1. Restricted to segment 260-273, and to residues that are surrounded by fewer than 22 Cβ atoms within 10 Å (Cβ to Cβ) and hydrophobic (A, V, I, L, M, F, W, C), which residue is farthest from Tyr74 (Cα to Cα)?
2. From the set of residues in segment 352-405 that are modelled with pLDDT of 85 or more and part of a loop (DSSP other than H, G, I, E, B), which is surrounded by the fewest Cβ atoms within 10 Å (Cβ to Cβ)?
3. For residues that are assigned to a strand (DSSP E or B) and in contact with a helix residue (DSSP H, G or I) (Cβ under 6 Å, 6 or more places away or on another chain), scanning just segment 435-473, find the one that is farthest from Tyr56 (Cα to Cα).
4. Can you find a residue in segment 223-234 that is farther than 20 Å from Pro157 by Cβ and open to solvent by 30 Å² or more (accessible area, probe 1.4 Å)?
5. Checking the condition β-branched (Val, Ile, Thr), open to solvent by less than 20 Å² (accessible area, probe 1.4 Å) and over 19 Å from Ala67 (Cβ atoms), which residue from Ile205, Ile175, Ile190, Ile182 passes?
6. Which members of segment 192-207 meet the condition of being under 29 Å from the mean Cα position of the chain (by Cα) and closer than 14 Å to Ala126 by Cα?
7. Any residue at all in segment 77-95 that's modelled with pLDDT of 90 or more, of a type in the set (Gly, Ala, Ser) and over 17 Å from the mean Cα position of the chain (by Cα)?
Amino acid sequence: MSGQIISLPRTGKEPAGCASKGQSSCGSSQGPGDMPADIWNKVKDHPCYSEEAHHYFARMHVAVAPACNIQCNYCNRKYDCSNESRPGVVSEKLTPEQALRKVMAVASKVPQLSVLGIAGPGDALANPHRTFRTFELVSKALPHLKLCLSTNGLALPDHVDTIADYNIDHVTITISAVDPEIGQHIYPWIFFDHRRWTGRDAARILHERQMEGLERLVAAGILVKVNSVLIPGLNDQHMIDINRLVKAKGAFLHNVMPLISDPAHGTHFGLTGQRGPTPIELAAVQEDLEGGAKLMRHCRQCRADAVGLLGEDQGADFSLDKIEADPVFDPQVREIYMSVVAQERADRHAAETAARQNAQEGRKPLLVAVATKGGGRINQHFGHAREFQLLEVDGRQVRFIGVRRADNYCKGGYGEEDSLAAIIKALEGVSVVLVARIGDCPRQTLAEAGITVIDDYAHEFIEASALAWWGRVNQAGGRASA
């Protein structure tokens, strides 16, 4: 066996870090009972299709598909952008053979890897030969990996049979409008049937092809996730129509993603002042969609060359110039990791069940934010968190409702006050933040802003800790700071 270390994110106490200037420290899960066994087996280790799986398993995207057959006003495909984290961005384009080498290198070092996806930087099905050649090579070398692709859907009906032949059982289609009147303001042009189409005609053709592709995928037994970009003032009121239609067509998940519109990214929407939604606006739309198509709430809007657990990106560690010429994958290492995950899952569910049995019905749900590095535990220092997972807790149930992003508070060993202000804004509406550790100065500043941060449940399971915290609040008469 190789020298690979098998472990989940550490659960032991970690040393304090992030010393401030002049101060010492500043620093829903679906189970087999909820769905048919064959569907559960497809999603239980897929970090994008199962909220629970994203605690334990990693995904990898390979950038083998540079060409695109449509233009979206929210997209600007960029290369050599190692500091940007958003769809359409990559640091290096790969041939299928280079992609295989890179996947082998990641699999040999990252036993969490369970999924290989092709998501661009263009469209996977606008580059069919490169896409399917990559899948062919990888499936022969690493047959345990689940295969996924993402597409805008324009070319999808032409490739459903091939997708099924390659055992690609997860496909994501980006559908941000189902009404051509709205779609024409999102997609300025498409290239279809040997010509360029614009305006309402382009949006109509794209919509028709997306619906045909979605229906055929579902008929073939392939799980479909629909991504929709939420654009305030354009399709926010339209999102319920999208959700209703894709549910009727058989989509497994609906992922409503916020528009990223920083002018520095050079997109049309960014340059023309179209803003993205606030976290509160995004949450409100998601709440309006409850009861429709099942929602994905843990999306991180990954780069087209992302590597690692959701919320992290190890892609820079696996550039072609850093990996071995002939990496070797040891299946025994993965088998050991899988046994560790199985035990961790069992312990986590047991802890949550015990906490729920001891809980009481609450008066109203409260919002809990969690700093975590993965593994389903509260295991991250407040100062190191780039994002916080949000849970809604009512004393009997813990419901994962999304992720709030924020810059690290601690950078280079110092607390950044501007970053702390941004974190406070990102935590709007949160009653408590559960962390592995936090220094006195940020704790006090957050308390002054009405946000309680506690490290009492450091390295414990997230859901069980949230329920236990609720029990303390309930016993203390509803004071969230208890």
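1. Here the residue is Ala264.
2. Filtering segment 352-405 for residues that are modelled with pLDDT of 85 or more and part of a loop (DSSP other than H, G, I, E, B), the one surrounded by the fewest Cβ atoms within 10 Å (Cβ to Cβ) comes out as Thr372.
3. Here is the first cut: in segment 435-473, the residues assigned to a strand (DSSP E or B) are 437, 452-454, 461.
Narrowing the set further to residues that are in contact with a helix residue (DSSP H, G or I) (Cβ under 6 Å, 6 or more places away or on another chain) leaves 453, 461.
Details: Val453: 25, Phe461: 13 Å.
It comes out as Val453.
4. Within segment 223-234, one or more residues are farther than 20 Å from Pro157 by Cβ and open to solvent by 30 Å² or more (accessible area, probe 1.4 Å).
5. Ile175
6. Answer for segment 192-207, where residues must be under 29 Å from the mean Cα position of the chain (by Cα) and closer than 14 Å to Ala126 by Cα: just Leu206.
7. Within segment 77-95 (the criterion being modelled with pLDDT of 90 or more, of a type in the set (Gly, Ala, Ser) and over 17 Å from the mean Cα position of the chain (by Cα)), the answer is no, since none of the residues qualifies.
The rows are residues; the columns are (1) among the aromatic types (Phe, Trp, Tyr); (2) open to solvent by 20 Å² or more (accessible area, probe 1.4 Å); (3) closer than 22 Å to His349 by Cβ.
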residue	(1), (2), (3)
Gln444	no, yes, no
Ile451	no, no, no
Ile454	no, no, no
Trp469	yes, no, yes
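The values are calculated or read from the model by the stated rules, or taken from the named source; none is laboratory data. Just so you know, these numbers come straight off a predicted model, no measurement behind them. Here the Cβ is made from the backbone with ideal geometry for all residues, glycine too, and neighbour counts use every protein chain on show. The area values use the complete protein model at the heavy-atom level, side chains included, leaving out ligands, DNA and RNA. Shrake-Rupley method; radii C 1.70, N 1.55, O 1.52, S 1.80 Å.
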